[in-house]
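The values are calculated or read from the model by the stated rules, or taken from the named source; none is laboratory data. Being a predicted model, the structure only gives us computed values, none of them experimental. All Cβ positions, even for glycine, are placed from backbone atoms using ideal geometry, and neighbour counts span all protein chains on display. With ligands, DNA and RNA removed, areas are computed over all heavy atoms of the protein, side chains included. Shrake-Rupley method; radii C 1.70, N 1.55, O 1.52, S 1.80 Å.
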Amino acid sequence: MSLFQVRFLIVWVAMAMAMCGGVARAAVNVYGFVDGGRVSVIYADMQPADRRYVLYKKGGPGQFAQIPDAPAGAAGLKPTQYSGHILAAAQETKVHPALIHAVISAESGYNPSARSKAGAVGLMQLMPGTAKRFGVQDPLDPAQNIHGGARYLRALQVMFDNNLQLVLAAYNAGENAVKKYGRRIPPYRETVAYVPKVMQLYRKSRLAS
């Protein structure tokens with residue numbers, strides 16, 4: 001068991017003991033965020049004031065709100081205020097958190113207000129159509145943007161049989177462009193430079209973990 005998983009287990013046991021002792025009887029939700037390899041978890045009935053915390057699991061009367069398993073590689077992520085959102089999006093979509101991190105790094109440099117000349121917005125530079133397609137109402141909201149981008153990555157992984165080079169090419173140039181060129185990286189200068197850049201960031205994050 002990794003140190004990352006041990007920290008989850010410690011919090012799990014502590015909460016279970018508290019509930020058995022009658023400390024918490026009402027509905028309890030699990031909120032948490034990740035700062036590098038360190039996990040911070042809060043059990044509360046409402047959103048904590050610290051907006052780094054994201055909702056992991058809703059509880060119910062008399063039941064323990066179970067924390068999901070930490071995705072592989074989360075401990076190796078670059079510590080940022082958005083690490084918790086990356087973890088939650090990785091849990092939802094089954095996209096490796098290192099890949100989400102790599103895309104954010106390349107797309108916006110972790111600037112949640114980033115805008116491109118083409119109209120892409122936010123941390124993962126979602127185009128308006130992509131944001132709408134994946135349920136993002138406010139692309140400038142970091143949590144929504146990361147979840148929407150992760151959902152798009154997951155859809156591309158399915159579409160291109162988890163060929164990450166094609167996934168990244170499609171993320172940059174659009175899936176139709178990749179299909180147009182026979183499921184190969186389109187010969188666009190930006191895309192040809194983008195794919196190896198993100199692959200390098202991804203490998204670096206995975207090696208760190």
At most 13 other Cβ within 10 Å, DSSP loop - trypsin sites (Lys or Arg not before Pro), region 93-178: Lys94, Lys117
Net charge near Ala150, counting Lys/Arg +1 and Asp/Glu -1 over other residues with Cβ under 11 Å of its Cβ? +2
Say each of Lys117 and Gln47 gets a label point 7 Å from the Cα, pointing the same way as Cα to Cβ; how far apart are those two points in nm? 3.6 nm
Using a 1.4 Å probe on the protein chains only, how many percent of the accessible area of region 107-166 belongs to carbon and sulfur? 49 percent
